[in-house]
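Read-outs: derived from the displayed coordinates by stated rules, not from any lab. Just so it is clear, the model here is predicted, and its values are computed rather than measured. Here the Cβ is made from the backbone with ideal geometry for all residues, glycine too, and neighbour counts use every protein chain on show.
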Amino acid sequence: MNRQQAKELLPIIQAFAEGKTIQVQEDIDWCYLGNNADFNLSPQRYRIKTEPKYRPFENKEECWQEMLKHQPFGWTKSISEKRFYFISKIDDNGCFFSNNDDVSFKTLFASDKFADGTPFGIKVE
């Protein structure tokens, strides 16, 4: 391995050390590297697995359709407080909770997840 290859591989090794998923190219497929790696291939054969991107909901219909996919239905979990909250109403601006707090979709996207741990937003394809 030369210095240029080491520079190219350094971000991959750093991500591996941080616990991120690393993939290795085998033929045309990208496969999970696992917990033990020797990094003996060229740097171009490794990559950090890309995580899906999400964005806040744009309206109540988009929010409702996504909520139908998550169990338990209607519950969010605060990221910072580690508490669960039940949504009692949805409108085009955001969600209302049982304590009558109304929170915008943008704020909820930053502060909460669905109870199952999925981001409280819509997956961007």
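Summary table
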read-out	value
Shape of region 3-51, Cα gyration tensor, a/c cut at 1.5	oblate
Reachable lysines, given that their alpha-carbon falls under 23 Å from the alpha-carbon of Lys77 and they are not under 8 places away in the same chain	Lys53, Lys60, Lys69, Lys89, Lys106, Lys113, Lys123
Net charge of Cβ neighbours under 12 Å - reference Lys89; Lys, Arg +1; Asp, Glu -1	-3
Label point distance in nm, Lys106-Glu58, each placed 7 Å from Cα along Cα→Cβ	1.5 nm
DSSP-loop trypsin sites (Lys or Arg not before Pro) across region 7-113, with at most 15 other Cβ within 10 angstrom	Lys20, Lys49, Lys69, Lys82, Arg83
Segment Ser80-Ala6, length gained on full extension (0.36 nm per residue, minus Cα span)	22.9 nm
